[in-house]
1. Would you calculate, for chain B, the mean residue ellipticity at 222 nm contributed by helices, counting each DSSP H stretch of 4 or more residues as -39,500 (n - 2.57) and dividing by all residues, to the nearest 500?
2. Towards the positive end of the charge dipole of the range D:2-245, with charges on Cβ (+1 Lys, Arg; -1 Asp, Glu), say which of D:Phe121, D:Gly102, D:Phe134 has the farthest Cα.
3. As a test of the definition: with a 1.4 Å probe, what buried accessible area, both sides summed, do you compute for E against C, in Å² to the nearest 100?
4. Report, in cubic angstrom per residue, the convex hull volume of the C-alpha atoms of chain E.
5. Between C:Asp227 and C:Ala164, what FRET efficiency comes out of the Förster formula 1/(1 + (r/R0)^6) with R0 = 25 Å and r the beta carbon distance, rounded to 0.05?
6. Can you give the Rg/Rh ratio of the protein assembly as shown, where Rg is from the C-alpha atoms and Rh is the Kirkwood radius?
7. Using the structure shown, list the pairs from E:Lys336/E:Lys360; A:Lys17/B:Lys19; C:Lys64/E:Lys336; B:Lys201/C:Lys223 with a Cα-Cα distance above 20 Å, or answer none.
8. Quick one: work out the % antiparallel among DSSP beta bridges in the protein assembly as shown, nearest 5.
Amino acid sequence: MSLLDVNDLAVHFGGVKAVDGVSFSVDPGEVFAIIGPNGAGKSTIFNLISRIYEPTRGTIRFDGQDITGLKAHDIAQLGIARTFQNIELFDHSTVLANLLMGRHTHKSTNFVQDILFLPKVRREEREHRHRVEEVIEFLELEAYRNKMIAGLPYGVRKVVEIGRALALGPKLILLDEPASGLSVEETQDVAYWIEDMRRDMGLTVLMVEHDMSLVNQVSDRVLAVANGKPLAMGTPQEVQAHPDVQAAYLGTAVGDAA
Amino acid sequence: MANGCIYGLVALGFVLIYKASEGVNFAQGDMMMLGAFVALGFGNSDQMGLPFGVAMILAMVVMFGVGYGVERVVVRRIFGQPQFALVILTIAMGFVFRFVAGSIWGYSPLVLETPFAGRNLYPGGIVVGLADLVTIGVTIALTLALWAFFAFTKIGLAAQAASQNQMAAYIVGVPVMRVNSLIWGLSGVVATVAGVLYATKGAIDPNIGLLGIKAFAAAVIGGLGSLPGALLGGLIIGVVEPIAGRYAPGELAKMSPYIIMLVVLVTRPGGLFAQIQMKKV
Amino acid sequence: QTAGVTDDEIKIGGAHDLSGIFAPFSVPAVTAANLVFEEVNANGGIHGRKITYIVEDHGYQVPKAAQAANKLINRDEVFAMLLNLGTPHNLAMFQLMEPKGIPNVSPITAARQMIEPPAPWKFAGTSSYYDAIKATAEYMVAEEGASKFCLMILPTDFGKEIEAAVHEMAEAGTIEMGAEIAHKPDESDFTGALGKVKESGCDTVGMALGVSQQINAITTANKLGMDVRFMLSGAGFHTVVAKGLAAQGVMGGVYAGAGWQDLEARAGQPEVQEWIASYKEATGEDFPSTGALLGYGGATTMVKALEAAGPDLTHESFIAAMESLDYEDPIGGNRVDYSADDHVGADEVFVSRIENGSWVLVQTLE
Amino acid sequence: MTVLSVRNLETFYGAIMALRGVSIDVEQGEIVTILGANGAGKTTLMKTIAGLMDPEKGQITFMGDAIAGLDPDRVVSKGISLVPEGREVFPYLSIEENLKLGAFTRRGDLSNDLDLVYTYFPILKERRRQAAGFLSGGQQQMLAIGRGLMAEPKLMMLDEPSLGLSPLLTQEIFGIIARLNAEEGVTMLLVEQNAHIALETAHRGYVLEMGRIVMTGPCEQLKASDDIQEFYLGRTEETERGQKRWKRRKTWR
Amino acid sequence: MRIVFKKSYDRDIDLHEHGWSRAKIAVLAGIMIVLPFLVGEYYLAEATNTLIWALAGMGLMVAVGHTGQVSLGHAAFLAIGAYADSALMNAGLPFLLSFPIAGLITGIFGAIIAIPAVRMSGIYLAIATLAVFVIVEEMVIMLEPITGGVGGIMAPSIQIFGISFDRYGALQNFYWLILGVVALVAWGYANLMRSPTGRSFLAVRDSEVSARALGINVTRTKSLAFGLSTGVTGLAGALMGHYIGFYNYELFSIFISINLLLVVTIGGLGFIQGAFLGAILITAVPQAIAIARDGLNANFGIDLGSVPGLDTMIFAVILILFIIFEPTGLYGRWLKIRVWFEIFPLARRDMFRRQKSYLKTERMK
Ligand SMILES: Nc1ncnc2c1ncn2[C@@H]1O[C@H](COP(=O)(O)OP(=O)(O)OP(=O)(O)O)[C@@H](O)[C@H]1O
Ligand SMILES: Nc1ncnc2c1ncn2[C@@H]1O[C@H](COP(=O)(O)OP(=O)(O)OP(=O)(O)O)[C@@H](O)[C@H]1O
Ligand SMILES: CC(C)C[C@H](N)C(=O)O
Ligand SMILES: [Mg+2]
Ligand SMILES: [Mg+2]
């Protein structure tokens, strides 16, 4: 059974049909990539899944449950974490604090207990911290642990964002252009991380990416969209070979950007 | 109606500065007060005694200088700091303005001598104060002029750009700080006009700047970034106030402008002409 | 020796509004009081002691008034308080003054609470808003044929006292009540309220607003062509009100009752002339305002009482001296007399009327 | 002729030293690229040249004039235009207004330039009355580049122009860069993570690491360097899936 | 420079990183406890006043500094706290009960208000709270049986287990009582900020979309934060009522709201310590100006007292200078001084120089 089922999804902003009848499903443990020209509606699909936008039509099912009617903050509870294309970190907090905020869904204390800082709160704090340190180690963020986000280079912020999503301990992780703004070397790290996420952590990954080398390297299946409509779906090779995809998206030099 | 225009005019001052820097000048009401006093200083017979028109123009020039100078000397130094800093700064500046006016003109109410004081027109049997007509006319003219300034001039566009992204405005070559000075100067002029028109209704003293709070409410009702919104907000408050004063029970009447404001904000959190949208992520 | 008194100095305190909405009262009052003290000090002080008047600015904020009281009483250790402005501010300060029995002389507020409940250390300069307005209203009924009253008031102590006085008369059946409208200090548009007044058919409006507000409201009524008379309290009995209204074309129909007389009419009297001249010289202002008059009155009372108390100055001797005072104040145009069971200085009420930009005395009531 | 010359530039963020004595030269008609890892200081360098940040030490000379420490609007009016990192468009202004502002320092008719930008990016024309804040990430990037073009600068500085652009558009952008340089003679200073295409397009390159220039030379020479190949071009044989993962340390640390 | 070896996560979770800072707090607390024996009535009363302002400041700090909710209406919540406490005490409840209940009532009121206001931010929220303030003010005048209307009421005298804690009768006891309350609230506040709830406040302040994506219920978080903020402010209001002794609605004017905002910004937004430093500034500087003025007059014969309003104006100018030269507030300045000493003699003067900074629109949330 598939983990995520998107069926005939559509959203319109005024006259702009940002997403217009997209369907796909992601299997557990899969790395699924969405590609397409700028403005094709990729980020909008993410925003629909994380319930920031209200779909005009269509349904989204996760783990057998219809999540189309849920609120944005309920989505994380189900085990869906995401990153943002333009980086939406908590700028005035440290990396550590940002990652700890990712643990919000795992807190079981209420605010009165928090104010009194009962032993239970401390126990949970230790546990959160433990989990977060694992993420820090995994993403090699040790050097930045106590740095404020506001002063970090672009690339590190991208990584912190991935870390925050991982700290949530999700089943499905949505990555919006994880490699944009990263050098080849760093993109390679991202590729390894995605593989580890899937292999060691058992995560399912849904990703939007323009860097075809990364897409080729990690993804099992690829969906190409253009103008809000699906264009092609299949293995990375199949999709890249599709003439429409080449014309609308890749241009002449296929794979040259590697 | 005329009163609403005065709220609207002061609100225009708020909007001007908001449109150009997304800052809120809490001393706007006090600038209005100062403008009225400067005009009085030039115009009243026991002061310098200049003809009304000359005094008005001189007052506008002086207040342009005051606005411009305040930006140059004080506001500029907190460039790049969050909006909130400007709020606190201008609150403190309001105290200074009041002190200055109080030291020069004293704390007792004074009356500005205007050619239209106490003169009424009787078109078709109803009584219309000449001052009210002037107020309405001037307000409409000023709103239109400012609207055209922002909509059609390069500087107007640049000012809006600067409020949305200071760095990007600099990158395209907008002298952000000089534009800001100019806008502050302009808001000084608008404040003077508002102050003089206010003064036609009665007396002025250094504390009439308190009106600024209600004018600010007007600007917020309209949606802070919108000039017609400011005028509309001012008119709404100006119309609701006397109507509620007339028909609603006392306490409710006093609360009425604020209740309206709450209702507007709860339903449209960015005011009637809202320019707040959800961030695209 | 008593706190605040040394061999060559007496410290007096005053908590004022020098930067807020009631600065028009406090600022000239302080100036006038300081002039009186300067003259006394220049003549060698009182029984060899110079007077120091320490003034704190509370900006019409109660917490700041409490802070000011704390400084004046606990740090500066003043002997007495003079001309403290504002009703809630005075009341908050009473908390500190009461245990130490520090005399409160001529506070700038004519609220009844300044002498009620009675205490030995409380002294008011003039009769209360309540008494003044009641007397004025009675005059209006008798002489001007007023029969139906409306009220336009700020919900402050003086607004409420005026309300109480008028209500009492209505209950007694002397007058009818029309619309009663409460206002806020930042209001500047009175057309709605005046519409209500018109509708309810009042012939007289009792008004207790801020000074500038009263000018605006009466001007507006004039513009609307309303035929009503206005009755103001001491808070509106201000030379600038007459001048301001005249500048806006209102020449009459405005009455006020207070515990003192307007200066302008008496400017020819030698003492008054002299005082006006010295005040002008000291401040450069054209004309001493009501605040100055009150400041002068309070400071004079203080000086006279200190003199009468003799060289052995204690709170007891001071209070006894206060209670023995009885003199004519040429500036206020009233008679100041205290006694053990009368802690109000001037008991008269003067009803005045605006005529062509000046206040004219129409009746004196005991 | 040297268009831009930077000498011993030092820039701080509070106590953090982001540029530690950088010197570069850009000659008339050249495309110069700056490579460097995350946090190397590339953006800081661009911002300092543009006047957006104050240098602590060092000189910047543009066409013979010292411009270090000038206000950014003065720098722009001298003929330098910057396409900043991370798009920085004016979200509440329409696309057309955004573009017109790009020509703020210029006088005269803009319609030709507008048309040119619209032919490069047709989507912008389609949306020209719409607020820029609602464009997709890549569309905003196009707008930022278009806005930079509108200034008709003598020196154009581009900070990661391909950020978030599709492969097709990336190629197109670099095509435009090359063409502007060849046909109009616009000098370019280019920061780009996609080192392949940057080295392909540019004439000369610098490598900036930890706030210092560690390597420089013509692009051909750089492409041949081992370090460049490993860290900026990514040796292909290592990127096979399932490959053992290890990293060689950069030799210039 | 101090080097801290961390051997367990508890080190980070603890309130104090090392024994030294714990000792500093202990010394400070010690001095505060024995203060009544060290200073006279004037300074003790001032200290009490400062503590009350600090308490109110902590209340506002939760909203403005940590959740990004700017409020111009906090004077209203002081009022609600004060009147609720007095009313409950007049109804026969002992202070030990009426006081926390007054805080609770104010908190619940604030939390309810925050729900419809959740979509507002920045200046819009500020002005909406101002409207709430005006409405509360009118209610106070209307509810005469409870509030005494315009005339005002006398705050009941505090008795706990037969001991008087009256402001005017037993200032020392009153001071200790307030010190205890302030210490307790500060401790709870510090706890909050190291717990998940406190972090969710920061998250909502910095990015609402992200907060949602992490499963934080923004409405609930904002409402909780505002409720806690107003609750603490209500406690401060109750104490302020007792401190002033006799008050009416004019005690809680818009100027009090503005002063409170000054406390949190000048003190240092987002730091608990900032509330204390800001409170000291707002209460002590005007007094210092007055004392300096008296000193000038007495010693040099320079009589500045005769210039009306000069005190207030000097205070305003000090504020302006502060905002210009120390945008991070008093606490920010303090941190810099500390760093300077810690790394002495390695500090450079330009180390704290500000780099140019630019604003972007805050209209997009
Ligand atoms: N909130 C919104 N209001 C109006 N239009 C929107 C909104 N969000 C997205 N759009 C429009 O929907 C289209 C798709 O945008 P989206 O961000 O999904 O593109 P994308 O595929 O992620 O592109 P890119 O690769 O450039 O990030 C764009 O044309 C955009 O202008
Ligand atoms: N606002 C800031 N405050 C403090 N330090 C900063 C700030 N901005 C940047 N830095 C630091 O300055 C250094 C240089 O940053 P810069 O942004 O110039 O790097 P970059 O080479 O452009 O990186 P990227 O490839 O990620 O864009 C980095 O180490 C970064 O940590
Ligand atoms: C001077 C007076 C009008 C003062 C007023 N009685 C008050 O309560 O403050
Ligand atoms: Mg996208
Ligand atoms: Mg960069």
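The values are calculated or read from the model by the stated rules, or taken from the named source; none is laboratory data. Just so it is clear, the structure is predicted and the values come from calculations on it, not from any experiment. Note that each Cβ is placed from the backbone with ideal geometry, even for glycine, and that neighbours are counted across all protein chains shown. What goes into the accessible areas is simple: the full protein's heavy atoms, side chains included, and nothing from ligands, DNA or RNA. Shrake-Rupley method; radii C 1.70, N 1.55, O 1.52, S 1.80 Å.
1. -23500 deg cm²/dmol
2. D:Phe134
3. Answer for the E-C pair: about 3000 Å² buried.
4. That works out to 187 Å³ per residue.
5. The calculated FRET efficiency here is 0.40.
6. 1.01
7. Beyond 20 Å: E:Lys336/E:Lys360; A:Lys17/B:Lys19; C:Lys64/E:Lys336.
8. Percent antiparallel among DSSP bridges in the protein assembly as shown is about 50.
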